[in-house]
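The values are calculated or read from the model by the stated rules, or taken from the named source; none is laboratory data. This one's a predicted model, so the numbers in the text were calculated from it and none came from an experiment. Counting neighbours? That spans all protein chains shown, and the Cβs are built from the backbone with ideal geometry, glycine included.
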Amino acid sequence: MDGESMKQGLSFFVTGTDTGVGKTMVTGCLTAFLSMCGYDAVPYKPIQSGGVQGDGGLVAEDVTFYRSLHSLPYEQNTLCTYCMEPAVSPHLAARQTGTRINPGHIAQQLSTLRKKHDVVLVEGAGGLAVPIMEEKQEVYMTADLIRDLRLPLLIVTHPGLGTINHTILTVEYARACRIPILGLLVNRMPDNPSEMMQDNVRIISSLTNLPVLGMLPDITDFKPERIRERLPEIGRSLRLTLLLERLRRAEIIVSQSSQ
Ligand SMILES: Nc1ncnc2c1ncn2[C@@H]1O[C@H](COP(=O)(O)OP(=O)(O)OP(=O)(O)O)[C@@H](O)[C@H]1O
Ligand SMILES: [Mg+2]
């Protein structure tokens, strides 16, 4: 535990180098671990496509996953603003379902959560260069949403083949969009990583000049109970103090750039 009291309402955006890289895993584990350390943390998924029909309507499975690792005092609607059924990019899911995504509404919902909690972790859909909506030839991208929400970024990546290219492209795109980056979080690191994996992690950090803020294990039999069992070990791999330090510094940068 960091042993220091936190200012209310810190928040950051969790993106990935690709869809399926582990944003939900990281968001869920970080929320649970921050809570174990005494911080009041909640996850927030503004836009979910690929919602699944359940008894009470569409279910945002990312929210269900967060809940399986840590109890959350909210119904799904508070933790997910737009849940759409088609499992496609948000801009297409919105068009297919006649949904009008309003970034102002997302900003409001996030602000309400930030007023009530120490840390709000915001999970994106897919990666950074993902369109959220199209209006009169204008395309509003995930990077635009992050800038409008004035959030710094945590980038989830993996240690396997292809990660150097994907990670550098994601970092460069974020920098071109002037989004401050907190660091990299490597998901699915095997217990006995190959030389290639170890070198991949070293070189993505060195080429991007970003810290690796944690490495989550590759969990065989990927089930909430297996993950919960490994949470203390996951926590030990996280550089929470550095993450929070960089988060506080980034908040100052984003608030100054928006003045
Ligand atoms: N640490 C891990 N160990 C083993 N399997 C994992 C791990 N992390 C993720 N996975 C596998 O990858 C899948 C996708 O992970 P996750 O849902 O976290 O990705 P995501 O980036 O949030 O995807 P999306 O873009 O759909 O939101 C999981 O359902 C699980 O099968
Ligand atoms: Mg997800």
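Tabulated values for the structure
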{"item": "Those residues of the range 201-235 which are more than 24 Å from P152 (Cβ to Cβ) and either part of a helix (DSSP H, G or I) or basic (K, R) (or both), in sequence order", "result": "K223, P224, E225, R226, I227, R228, E229, R230, L231, P232, E233"}
{"item": "Residue within the range 56-64 that is more than 15 Å from ligand 2 (Cβ to nearest atom), modelled with pLDDT under 95 and either over 26 Å from E172 (Cβ atoms) or surrounded by 15 or more Cβ atoms within 10 Å (Cβ to Cβ) (or both) present", "result": "yes"}
{"item": "Verdict on T99 being of a type in the set (V, I, T) and within 16 Å of ligand 2 (Cβ to nearest atom)", "result": "no"}
{"item": "Test result for T170, over 26 Å from I101 (Cβ atoms) and more than 13 Å from the chain's Cα centre (by Cα)", "result": "no"}
{"item": "Of all residues in the range 122-139 being aliphatic (A, V, I, L, M) and within 20 Å of the chain's Cα centre (by Cα), the one that is farthest from ligand 2 (Cβ to nearest atom)", "result": "M133"}
{"item": "Residue, nearest to ligand 2 (Cβ to nearest atom), within the range 1-34, restricted to residues that are of a type in the set (D, E, K, R) and either at pLDDT below 95 or assigned to a loop (DSSP other than H, G, I, E, B) (or both)", "result": "D18"}
